[in-house]
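Below is one structure; the comments refer to it alone.
The values are calculated or read from the model by the stated rules, or taken from the named source; none is laboratory data. What you see is a predicted model; the values in this text were computed from it and never measured. Here the Cβ is made from the backbone with ideal geometry for all residues, glycine too, and neighbour counts use every protein chain on show. Surface accessibility is based on the protein's heavy atoms, side chains included, excluding ligands, DNA and RNA. Shrake-Rupley method; radii C 1.70, N 1.55, O 1.52, S 1.80 Å.
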Amino acid sequence: MTVRRLCVTTTDVSNLANLGRGGCKINNPFKALKGVIFTTSDFSFDDAEDAAVKANWVAGIKAGQVFPMPNLNTYEDNSLEPTYNESDTQRRTFTRSGEYRFTYSWNVPFDVHKKLQSFRNAALRAFLIDEDSNLMGTVESGKIKGLSIAMINPLKMSFVDASAGTPSLSKVEVDYNDEREWNVYGSFIPMSWSPLALEPLTDVTLEVVGTPTSSSVVVRVYSSSGLASDGTISKVAVVGILQSDFAVSLTGAATSMTDNNDGTYTFASSAAFATGTIDLVPPASMVSEFGDYLIISTGSATVTIAS
C-alpha cells in the first residue's frame, strides 16, 4: 500500500495573490504622519462608509471613546526587524515578523501633557492620519477599527535644550500588537474632510458667582490650563451655551436664562429657588454649537440659597 501525504509547503504556489494594480496609480498614496486618533479598544465603525462620516467621529468623542491627537510635531519609527534562525549550514528560517513601535511627539500645553499620563497602559487602539488626510486602520470581523495597542507609555516632558533649537515636547511610546493588522488586514480611507480638525473633549468647570437668591442665580462656565500670574486659576470663559444644555436641579423652575457673554449665565425664577445644583447635560445630549470645540462638565455647581 502506498501512503500519500497532501501538504502545503513553502514551495506551494496555488495561493499566491495576483499582483496587478486595482487602480490607476503606480505608487501608494501615503505621506508623512500628521496625527493619531486614540480610541477605546471596543470602538469601531460598521464599515468604511460609516468611518468616512465626520458626525460619527464627533459622536465617539462625545461618548468618551475617541481621543484625537492631531498636529504631530515629529515621530520616530522604532519598529523591530524580522528575526531568523540561521543553521550551521547557513539555511535561514523565518521566525518572527517584527512589530511596529513608534514614539510620537507633540508640542501641547502643560495641562494636556498631564492628562496624557492617564493613558499609560490603557486598553486602546489607534487610527493614523497622514498629511493628505488618509485615515489608516484595520478590519476586524468586518468592522473598521484602529490598530490594537500592546503597550502605551507617556514619557516625561522634555525641556527646551540649551541651544533653544527644540521646543519642550510631550512624547508617547506606542507598541502595536500585530503587524498583520496593517500589512494583511489594513484599510485606509482618503477622507474628503480633514480628521486633523477633530478636537478632543475639553473639561469645563461650573461655579456660582456672587450670592444666589430665591429669584436669581448666576453661574460661570470656564475652562483653564493652569494658574495666572497672581496664583489664581486662569479662567477662560465659555460663552454661547443654550439653556437646554444646563441641568438645573433647584426647587422652583428657571423661567429664563440670560447668557451674559462673559462666561456667566443668569437663571431667573418667578417661583422661589431653593438650594440645589446646576450642571451641564452630557456631551452626547448637548445641542449648543461651538464648531469643533466640544465640552464636558467636571461636576455640578452647588447652589446654596439662604433661607
Residue by residue through the stretch 226-242, the couplings from Karplus 6.51 cos²θ - 1.76 cosθ + 1.60 with θ = phi - 60°, in Hz, x for Gly and Pro, are x, 9, 7, 5, 8, x, 7, 5, 7, 9, 9, 5, 10, 10, x, 7, 7
In nanometres, the difference between 0.36 nm per residue of separation and the alpha-carbon distance of A271 and V236 is 9.4 nm
Please state the relative contact order of the stretch 178-253 as a whole percent: Cα pairs under 8 Å, 6+ residues apart? 17 percent
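Could you calculate the contour length gain from R21 to T213, that is, 0.36 nm times the residue separation minus the distance between their Cα atoms, to one decimal place in nm?
Full extension of this stretch gives 61.9 nm more.
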Probe of 1.4 angstrom, ligands and nucleic acids ignored: what's the accessible area per residue over the chain, in square angstrom? 58 Å²
Name the long-range amide H neighbours of D132: under 5 Å, sequence gap of 5 or more, or other chain; modelled H, no Pro or chain starts. K31
For the chain, what is the convex hull volume of its Cα atoms per residue in Å³? 238 Å³
Only Cα pairs under 8 Å and at least 6 apart count here; give the relative contact order of the chain as a rounded whole percent. 16 percent
Where a ≥ b ≥ c are root eigenvalues of the Cα gyration tensor, a/c under 1.5 meaning rounded, otherwise prolate if a/b exceeds b/c and oblate otherwise, the stretch 136-261 counts as oblate
Cβ under 11 Å from L198's Cβ, L198 left aside: what net charge do those residues give with Lys, Arg +1 and Asp, Glu -1? -1
Under 16 Å, Cα to Cα: Lys pairs in the chain, sequence gap 8 or more or different chains: 8
What are the principal axis extents of the Cα atoms in the stretch 93-174, in Å, biggest first? 48, 34, 29
Quotient of Cα radius of gyration and Kirkwood radius for the stretch 196-307, i.e. Rg/Rh, equals 0.99
Prolate/oblate/rounded call for the stretch 8-165, Cα gyration tensor, a/c under 1.5 rounded: oblate
Give me the percent of accessible area attributable to carbon and sulfur for the chain, probe 1.4 angstrom. 51 percent
For the stretch 49-55, Karplus-derived ³J(HN,Hα) couplings (6.51, -1.76, 1.60; θ = phi - 60°; whole Hz; x for glycine and proline) come out as 5, 5, 5, 7, 9, 4, 4
With a sphere of radius 15 Å drawn around the Cβ of I144, what net charge do the other residues whose Cβ falls strictly inside it have (Lys, Arg +1; Asp, Glu -1)? -3
